[in-house]
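Worksheet: one structure, shown below.
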Amino acid sequence: MGTAERREVLGSGVVTPLVTQGDVKSVSTGRDMDAGGIEPITAPAEQLRAPVSPGAQSPYRQLWVEETARRRRLPDPVRTAAVRAVIVIAVTLIQAMVAFLSAVAGSWLAFPTLLSSVASTVVATWAALDVWVTRQVWNQRNGVVSTPSSTARALRRERRKERRQARATARTQERIRRQGGGSGRLSHL
């Protein structure tokens, strides 16, 4: 257990190992636990049934532990396109299933649903491509792609240049104001 300490819990004669944050690994992920401080691993039954005072720390582990996301959230336009694509694809699959079942049953609905499924397949393909195109455009505009040909890099360069020019203009105006250039005098004598 490394640098673990031991302590008696509530005078019951039960010795509970205490583990510091660096010693404990999460059972599910194998990573170090996020909760700080010292955490008891076991506790006697009396302690589990005893009421916990408001200031005391609970002997239980938390039921819900927030973990940081492994991947960042998709940008809003890309997420919107992805949701739209999923809905369109789901409707297309339902239409294809209805067309198939009505064809098997020999219903008059088979031909119209077949035509609408073909049209929906075209729309679903467009929706899936729209997600890819939207993602590429967002990456280009917001600088995620850092290749030399990235449009975002040129835009950042232009913004930096404009900020530098604005700062230089402000410094010049401040210098002129400090020197009394705006007082109406033609010379400094």
Task: Cα-centred dipole magnitude for segment 67-127, charges only on beta-carbon of K, R (+1) and D, E (-1), debye, nearest 20 - done: 380
Open item on the list: Can you give the local net charge around residue 73? Use residues other than it whose beta-carbon is closer than 14 angstrom to its beta-carbon, Lys and Arg +1, Asp and Glu -1.
Closed with: +4
Task: Average Cα contact separation per residue, segment 92-131, under 8 Å, 6 or more apart, as relative contact order % - done: 39
Open item on the list: At 1.4 Å probe radius, can you tell me the per residue accessible area of segment 60-119 in Å²?
Closed with: 85
Task: Distance in nm between pseudo-label sites at residue 137 and residue 66 (7 Å out along the Cβ direction from Cα) - done: 3.4
TODO: Compare 88, 104 by solvent-accessible area with a 1.4 Å probe and give them largest first, with all protein chains kept in place.
DONE: 104, 88
Open item on the list: I need to check one value: relative contact order of segment 68-147, counting alpha carbon pairs closer than 8 Å and at least 6 residues apart, in percent.
Closed with: 37
TODO: Using only protein heavy atoms and a 1.4 Å probe, report how much of residue 169 is accessible, in Å² to the nearest 10.
DONE: 80
Task: Rounded accessible area of residue 74 (nearest 10 Å², 1.4 Å probe) - done: 70
Task: Per DSSP, loop chymotrypsin sites (Phe, Trp or Tyr not before Pro) in segment 92-128 with at most 10 further Cβ within 10 Å - done: 108
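The values are calculated or read from the model by the stated rules, or taken from the named source; none is laboratory data. On a predicted model such as this, the values are computed, not experimentally measured, just so you know. Virtual Cβ from ideal backbone geometry, glycine too; neighbours counted across all protein chains shown. These area figures cover heavy atoms from the full protein model, side chains too; ligands, DNA and RNA do not enter into them. Shrake-Rupley method; radii C 1.70, N 1.55, O 1.52, S 1.80 Å.
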